[in-house]
Amino acid sequence: MTFLKPIFLSLFTLLNLSASVLAANETDWPKKPIVAVLSFPAGGSTDVFARAVTAPLSEALGQSVIVENKPGAGGMIGLGTAAKANPDGYTIHISALTNQSISQALFKNPPADLRKDFMPVALIGTVPHLIVVNPSVPAKNVPELIAFIKSKKGDLSYASQGNGSLSHLESTLFMQRIGATGTHIPYKGSAFALPDLIAGNTLMMFDSVTASLPHIQSGKLRPIAIAAAERSPLMPNVPTLGQDGMKQFDVENFYAVYVPKNTPPAVVARLEREIRKILTNPDFKARMATQGIHPQFANSEQLAEITVKEHDKWEKVVKSANVKVD
């Protein structure tokens, strides 16, 4: 058997060498710019939050993190793009998790699945939604808005961030709850929907506080109610939907970072570590608060659980409400 000893030694050396090379490659990451794929256009809450996180992440990693907007189909275009990327650590997906959980339940043939085609990295926070209306709408609270909508007898259009988005589902559920109808006008995100809402081409929208806030402050839009469990510190006089009479209509709108499946674990660990530092920085948290963003960290294991729960939750909501994409 002694003649086998050199073979065993060679195999052992080869395995050790391979492991060393792999470890070196992971330790050296990143050696080039990283692409952060988003599912919504510039100007919306996903884009604002993503750019706020990627700027300090670029500094921490010593490489540029380039935001690439791929809007459309309720977030499915961006999701599919990120899922097909090489799992080498040079593509990350900053996801509007709640939106994409809804789209997953709505679309018949989604191009990818956050639960199966990605590895979770970290939860980064939440951004509340609210109802905003064009100032021509003579309503200043939920009861007045309901009365106005019913008086239109279906002759009313409302915007959303796109088919299959949280904004779409919120609008549908709201109209169902009040027993009214209207025309749904889907857009490719807030950046495209808000100009038409401001112009009066649509009259109402469920949108993120982040995207709508500048237009509320300028008087171009009027806030009606927050679609979350708590009021926004930026608009303390605007009640939640629950406080204004519509119970059980609060939503946690999660945002998170993922990487394509089979990305090296060391890369995931590094990303998770750096993102934790960013989100727990007091200056970062204070700056995000001024834009209606609530930084909130959860590690990769916790995010895996949150991802499954969000998909299960919204699948049930979509089925029970019989929501369809237009």
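Couple of notes before you dig in:
- Each Lys and Arg contributes +1 and each Asp and Glu -1, all at the Cβ; summed about the Cα centre of the range 129-226, the dipole is approximately 160 debye.
- Alpha-carbon centroid distance for the pair the range 110-174 / the range 196-218, whole angstrom: 12 Å
- Helix axis angle, 300-321 relative to the chain longest principal axis, alpha carbon, degrees: 40 degrees
- Considering only Ala60, Ala256, Ala42, the mean-square fluctuation computed in a Gaussian network model of the chain, springs between alpha carbons under 10 angstrom, is largest for Ala60.
- Furthest towards positive pole of dipole, Ile94, Met119, Thr81, structure part the chain, Cβ charges: Thr81
- Cα centroid separation, the range 271-296 to the range 39-60 (Å): 12 Å
- Think of the range 129-226 as a dipole: +1 on every Lys or Arg Cβ, -1 on every Asp or Glu Cβ, centred on the Cα centre; then among Ser212, Phe174, Ala191, Phe174 lies furthest on the positive end.
- Charging the Cβ of each Asp and Glu at -1 and of each Lys and Arg at +1, and nothing else, the dipole of the range 48-173 about its Cα centre rounds to 400 debye.
- Only beta bridges with both residues in the chain are counted; by DSSP, about 60 percent of them are antiparallel.
- Angle between the chain longest axis and helix 97-106 axis [Cα atoms, degrees, rounded to 10]: 80 degrees
- Spatial separation of Cα centroids for the range 234-253 and the range 78-108, in angstrom: 29 Å
- Compactness of the range 129-226 as Cα Rg over 2.2 N^0.38 Å, two decimals: 0.94
- About its Cα centre, the dipole of the chain is roughly 300 debye, where the only charges are +1 on Lys and Arg Cβ and -1 on Asp and Glu Cβ.
- What the Kirkwood sum gives for the chain is a hydrodynamic radius of 20.9 Å, with every pair of different alpha carbons counted.
- The angle between the Cα long axis of helix 142-152 and the longest principal axis of the Cα atoms of the chain comes to about 70 degrees, rounded to the nearest 10.
- Signed unit charges on C-beta, dipole axis of the chain, positive-most listed residue Ile34, Thr202, His294: Thr202
Since every read-out is calculated from the coordinates, none of them should be taken as a lab result. None of these values were measured; they are calculated from a predicted model. As a convention, Cβ positions derive from the backbone with ideal geometry for all residues, glycine included, and neighbour counts pool all protein chains shown.
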